[in-house]
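Asks: Got a structure here, written out as structure tokens. Questions coming.
The values are calculated or read from the model by the stated rules, or taken from the named source; none is laboratory data. Predicted, not measured: the structure shown is a model, and the values here were computed from it. Reconstructed Cβ throughout: ideal geometry from the backbone, glycine too, with neighbour counts over all protein chains shown.
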Amino acid sequence: MSEGTSVTAPVQPQAGCTGLAAVRARLARALAEAGRAPDAAQLVAVSKTVPAERLREAFACGQRAFGESYVQEALAKQDALSDLAIEWHFIGPLQSNKTRPVAERFAWVHSVDRLRIAERLSAQRPAALPPLNVCIQVNIDREPTKSGVAPEEVRDLAQAVARLPRLALRGLMAIPAPATAPATQREAFRRVRALFEQLRAEGLPLDTLSMGMSDDLEAAVLEGATLVRVGSAIFGARPRPGH
Ligand SMILES: *Cc1c(COP(=O)(O)O)cnc(C)c1O
């Protein structure tokens with residue numbers, strides 16, 4: 001915990017472990033309210049645009065899983081933090097010419113939304129590493145500007161991805177359209193959950209529902225999220241909107 005005693009230190013409202021502790025408390029409260037086990041949902045700290053030193057700080061506060069959206073930025077931070085046992089999650093849109101470093105240097109990819117990307121990740125995953133954990137991103141509210149496969153296309157893509165040898169298909173990821181009313185937030189997450197349960201009923205061994213961010217993590221946890229991806233509530237507002 002930094003105490004702000006130095007007059008020259010920049011003001012960081014979320015410095016040290018404060019933001020992380022607040023989000024952990026929110027997550028614990030939501031899990032308790034849902035009647036779920038305290039460890040039933042994992043926190044991925046979304047650190048896009050956040051300098052490496054602040055990830056190091058969060059690591060010192062006990063955080064191990066970090067989510068990044070931009071390949072070049074992520075690789076630079078991985079180099080700067082190579083002494084730390086971080087679990088790296090890729091959560092952003094992925095172009096096929098950028099799959100190799102992601103296959104080589106991440107543990108998870110949450111944003112698979114077409115077979116070609118999945119095939120490349122599988123082919124490029126080094127034999128010495130465990131299979132790459134992946135989620136299929138679902139465009140649950142069919143927003144034209146958002147990545148993700150349409151809900152009715154999830155099943156075919158999931159069946160195909162599940163057959164790729166160097167990937168472990170773990171579940172679904174979604175970012176619903178922004179909504180402030182908790183009931184609206186929950187309704188969208190409930191639709192993602194229903195898709196997930198349907199795939200499981202068809203025999204896919206899925207265990208991960210990646211949903212919930214700074215503004216809606218409680219709603220996501222109440223609807224069964226097993227992994228929440230939280231950025232600004234931990235690290236403070238990002239410099240550019242949409243980033
Ligand atoms: C940026 C981002 C987040 C985190 O968003 P916050 O609102 O800052 O918590 C989560 N998931 C994805 C895919 C993101 O791009």
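Asks: List the number of the failed condition for Ser122; all other conditions in (1) of a type outside the set (A, V, I, L, M, F, W, C); (2) surrounded by 19 or more Cβ atoms within 10 Å (Cβ to Cβ); (3) within 14 Å of the chain's Cα centre (by Cα) hold.
Replies: (3)
Asks: Do any residues in the range 211-236 that are over 19 Å from His110 (Cα atoms) and more than 9 Å from the ligand (Cβ to nearest atom) have Cβ atoms under 8 Å from those of residues that are aromatic (Phe, Trp, Tyr) and modelled with pLDDT of 95 or more, where the two are at least six apart or on different chains, and which pairs are they?
Replies: From the range 211-236, the pairs are Ala219/Phe189; Leu222/Phe189.
Asks: Any idea how many residues of the range 153-188 are closer than 19 Å to Gln42 by Cβ and touching a Pro at 6+ places or on another chain (Cβ under 7 Å)?
Replies: Counting residues in the range 153-188 that are closer than 19 Å to Gln42 by Cβ and touching a Pro at 6+ places or on another chain (Cβ under 7 Å) gives 1.
Asks: Of everything in the range 108-126, what is away from the ligand (no atom under 16 Å from the Cβ) and touching a residue at least 24 places away in the same chain (Cβ under 8 Å)? Give them in sequence order.
Replies: Arg114, Leu115, Ala118, Glu119, Arg120, Leu121, Ser122, Ala123, Gln124, Arg125
Asks: What is the residue count in the range 1-19 for residues that are of a type in the set (Ser, Thr, Tyr) and either at pLDDT 50 or above or assigned to a strand (DSSP E or B) (or both)?
Replies: Residues meeting the conditions: 1.
Asks: Between residues in the range 34-53 that are crowded, with 21+ Cβ neighbours inside 10 Å and residues that are of a type outside the set (A, V, I, L, M, F, W, C), which pairs lie under 6 Å by C-beta distance while being six or more apart or on different chains?
Replies: Ala41/Thr226; Val44/Gly67; Val44/His89; Val44/Arg229; Ala45/Gln63; Val46/Gly67; Val46/Arg229; Val46/Gly231
Asks: Further question: Quick one: is Val23 hydrophobic (A, V, I, L, M, F, W, C) and touching a residue at least 60 places away in the same chain (Cβ under 8 Å)?
Replies: Yes.
Asks: Within the range 72-92, track down each residue that is within 14 Å of the ligand (Cβ to nearest atom), more than 13 Å from the chain's Cα centre (by Cα) and buried (at least 21 other Cβ atoms within 10 Å of the Cβ).
Replies: Hit for the range 72-92 is Ala74, nothing else.
Asks: Whether any residue in the range 136-143 is assigned to a helix (DSSP H, G or I) and within 16 Å of the ligand (Cβ to nearest atom) is what I want to check.
Replies: No, the range 136-143 has no match at all.
Asks: Pull up the range 196-210, narrow it to residues that are under 16 Å from Cys135 (Cα atoms) and among the aliphatic types (A, V, I, L, M), then point me to the one that is farthest from the ligand (Cβ to nearest atom).
Replies: Per the stated criteria, the residue is Leu204.
Asks: Now a separate question. Can you find a residue in the range 161-171 that is within 15 Å of the ligand (Cβ to nearest atom), modelled with pLDDT of 95 or more and of a type outside the set (Phe, Trp, Tyr)?
Replies: Yes, that holds for at least one residue.
Asks: In the range 144-158, which residues are closer than 12 Å to Ser111 by Cβ, assigned to a loop (DSSP other than H, G, I, E, B) and not hydroxyl-bearing (Ser, Thr, Tyr)?
Replies: Residues satisfying the conditions are Lys146, Gly148.
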